Every structure is written in C-alpha cells, then in structure tokens.
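Every number in this text was worked out from the coordinates using simple rules, so none of it is lab data. The structure displayed is predicted, hence computed values, not measured ones. For neighbour counting, all protein chains shown are included, and Cβ atoms are generated from backbone atoms with ideal geometry for every residue, glycine included.
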Amino acid sequence: MKIVVLDGYTENPGDLSWKPMEALGELTVYDRTSLKDTEEVIKRIGDAQAVITNKTPIPREVFDACSSIRYVGVLATGYNVVDVAAAKEKGIPVCNIPTYGTSAVAQFAIAMLLEICHHVAHHSDAVYAGRWENNADWCFWDYPLIELANKTMGIIGFGRIGQATGRLAQALGMNVLAHDAYKNLALESDTCKYAALDELLQKSDVIALHCPLFPETQGIINKDTIAKMKDGVIILNNSRGPLIVEQDLADALNSGKVYAAGLDVVSTEPIQGDNPLLNAKNCIITPHISWAPKESRQRLMDIAVENLKAFVSGAPTNVVNK
C-alpha cells in the first residue's frame with residue numbers, strides 16, 4: 001500500500017517519528033503541499049491508496065483524478081478540508097482524530113485567560129527593561145489585575161474540551177454556565193449549570209468558545225450577541241475562527257464593551273494583514289497552537305496510525321462520512 005502525507009510538518013517538525021506509519025506501507029511524507037494548487041495535490045497523491053492530510057484540501061476533482069485512493073486520514077478533528085460527500089460516493093472512508101487534544105486545548109484556553117488577567121509576559125518584560133529597579137514604589141502594574149474566583153465562565157459548546165475547560169475554571173473558583181445542544185445533566189453541580197444562550201451571554205464574566213463550526217454557529221459572536229453581554233466581558237476562542245464576526249469583536253474591543261479577547265484561531269489562517277483584530281485593543285492572538293504540545297501531537301500520531309491499521313483490517317474507525 002502506498003501512503004502519502006500531504007502536509008506533515010506541523011504534526012511532526014522533527015520531534016516525532018513516522019516509523020509506525022512506515023510499517024504499514026510505502027510512505028512518502030511532504031512537509032507542505034499547496035493549499036490552492038489542486039494539480040500539485042493530484043500529482044503528489046499519484047497512485048497512492050492512502051492519503052493523509054491536515055489542512056491541504058482534497059476536493060472532488062482530486063478524488064476524480066486519483067482513482068487509486070481508498071482511504072483518507074485527517075490529522076485533525078475538523079475535516080472540512082475534505083469533500084466527504086465525494087469520498088462517500090466513491091466508497092472512501094474519511095477518518096479524523098476526535099479526542100487527541102482535549103487537555104491541551106483546555107489548558108491553552110485557561111492560559112490565555114490568565115494572561116489577560118495578569119499580563120505576566122508584559123510585566124516580566126517591564127522588569128527586564130529596568131522599570132522595577134527604577135520604580136518609586138515597591139511594586140507596580142500597568143493593567144487591571146483580575147481575580148477569577150466567584151466570577152462566571154460561560155462555555156459555548158460543552159463537549160469533551162468544553163467540559164475540561166469547565167473543570168479548570170471551577171478549580172480556579174469560578175462558576176460555569178454551559179450551553180450545548182446535548183445536555184448531560186449528570187455534569188451539573190452547585191458550580192456548573194446548563195443555560196440558554198441568552199442567559200449565558202447576560203451573566204458571564206468570561207465567555208469561552210468550544211463549539212464546532214456549523215452553519216448555526218458561524219458568527220455566533222457578533223454585534224447582536226455582544227450587545228447582550230456584560231460590559232467588560234472577556235472572550236476566548238481556541239475552537240474555530242469563523243465563530244466570530246471579527247469586525248464586530250474588534251469594534252467591541254475598541255469601544256471597551258469587551259474588555260479583552262484571547263484568540264488562537266482566526267477566520268483565515270495564516271492571519272491576513274487586514275484582519276481588524278490586529279489593530280484592536282486588548283486582543284491576544286496566537287498562531288493556532290492550542291493543539292501543539294508534543295504530548296498532544298504524539299497522541300494524534302498514534303491515533304492516525306491506529307485509524308490506518310483499522311482500515312487495513314477491514315474495520316475502519318473514526319469514520320466521518322458513513
């Protein structure tokens with residue numbers, strides 16, 4: 001079996017091993033493949049039976065041109081880069097990695113929140129710049145310092161990652177309001193309750209997005225929903241960039257309606273220079289790295305290999321286009 005990895009660098013920049021996948025067939029790994037040149041994708045797949053992608057699109061034209069494809073593995077949870085309908089028509093299973101990054105993504109959401117609350121990096125830089133040494137007082141701070149205990153975090157999307165973020169928030173003394181289409185009432189407690197979206201928007205001091213990108217969630221943070229929020233709310237998004245109407249959030253940050261935002265994702269990635277959030281006040285933007293701790297990427301690699309093994313054995317798992 002010929003196996004082609006179209007864009008392996010972000011998953012494995014050199015600190016992991018492809019050997020377990022090599023054991024399953026003749027493996028070719030490309031660090032990067034053009035996101036826009038379908039002909040390059042077709043050429044690189046060639047007569048391979050198994051195709052592994054992270055963000056390289058595999059549209060219908062690729063399936064039509066590469067008749068040898070029997071399996072597509074996605075090195076991510078999201079699989080919108082693959083035309084899953086076209087794959088299904090041809091009997092090709094598309095398999096994703098659903099659970100590898102739960103702890104890492106939840107940890108990163110809280111890391112962004114704590115940075116907003118304390119501006120640790122800024123104040124450390126200030127010390128190294130000599131400002132503490134030359135300060136008239138024994139301490140100083142340049143931003144409001146925020147204590148999270150007894151504040152409320154609203155979590156939109158209360159699946160595995162949302163629940164993990166909720167547990168961390170509760171450990172910090174916060175109360176959690178959760179909004180999800182599917183409720184598990186066993187998760188409710190004195191400090192964790194399900195809520196309708198409007199109630200969550202109105203009562204939350206911090207709002208974290210952990211929902212998938214569906215038509216009904218695209219742009220769920222917009223000028224109308226922001227208007228329902230508390231003045232000075234904090235917004236966190238390390239789920240999917242298009243959940244936010246970026247100009248609306250930028251306007252709310254600049255007006256002070258939203259105190260701060262922590263974002264690990266944006267609508268177009270890599271970020272474009274004209275993104276309005278680049279000029280917004282109190283906005284932390286990181287380059288989509290919530291998923292990227294080595295431990296998380298190793299789990300991703302292990303599951304990708306197991307997915308391919310399951311396909312070879314005739315019982316594919318994590319199939320998203322059954």
> Is any residue of the stretch 56-99 close enough, with backbone N under 20 Å, to a label point placed 7 angstrom from the Cα of GLU39 along the Cα-Cβ axis, and if so, which?
Replying inline: 56-67
> Which of the lysines could be linked to LYS151 by a straight reach, that is with a Cα gap under 20 Å, when you skip same-chain ones fewer than 8 residues away?
Replying inline: LYS193, LYS203, LYS228, LYS230, LYS257
> ³J(HN,Hα) across the stretch 60-72 via Karplus (A = 6.51, B = -1.76, C = 1.60, θ = phi - 60°), whole Hz, x for Gly/Pro?
Replying inline: 4, 4, 5, 4, 5, 7, 10, 6, 7, 4, 10, 7, 10
>> Tell me which of LEU185, ALA104, LEU200 sits at the most positive position along the dipole axis of the chain, charges placed on C-beta atoms (Lys, Arg +1; Asp, Glu -1).
In response: LEU185
>> Only bridges whose two residues both fall in the stretch 102-285 count here: according to DSSP, what percent of them are antiparallel, nearest 5?
In response: 5 percent
>> I need the P(r) histogram for the stretch 102-285: all alpha carbon pairs, bin width 5 Å from 0 out to the longest distance, whole percents.
In response: 1, 8, 17, 20, 20, 15, 9, 5, 3, 1, 0, 0
>> Please report the antiparallel percentage of DSSP beta bridges with both residues in the chain, rounded to the nearest 5.
In response: 5 percent
> Hey, what angle do you get for helix 160-171 against the long axis of the chain, alpha-carbon based, 0 to 90 degrees rounded to 10?
Replying inline: 30 degrees
>> Quick check on the chain: helices-only [θ] at 222 nm, where DSSP H runs of length 4 and up contribute -39,500 (n - 2.57) each and the sum goes over total residues. Nearest 500, please.
In response: -9000 deg cm²/dmol
> In terms of the Cα gyration tensor, with a ≥ b ≥ c the square roots of its eigenvalues, is the chain rounded because a/c is under 1.5, prolate because a/b exceeds b/c, or oblate?
Replying inline: prolate
> Where the centre of each part is set by its Cα atoms, how far does the stretch 192-209 sit from the stretch 1-75, in angstrom?
Replying inline: 41 Å
> If you place +1 on the Cβ of every Lys and Arg and -1 on the Cβ of every Asp and Glu, how big does the dipole about the Cα centre of the stretch 185-322 come out, in debye to the nearest 20?
Replying inline: 280 debye
> Taking θ as phi - 60°, what are the ³J(HN,Hα) couplings along the stretch 128-138 by the Karplus curve (6.51, -1.76, 1.60), each to the nearest whole Hz, with x for Gly and Pro?
Replying inline: 5, 7, x, 6, 6, 4, 9, 7, 6, 10, 7
>> Taking every pair of distinct Cα atoms and averaging 1/r, then inverting, what Kirkwood hydrodynamic radius in Å comes out for the stretch 29-155?
In response: 18.9 Å
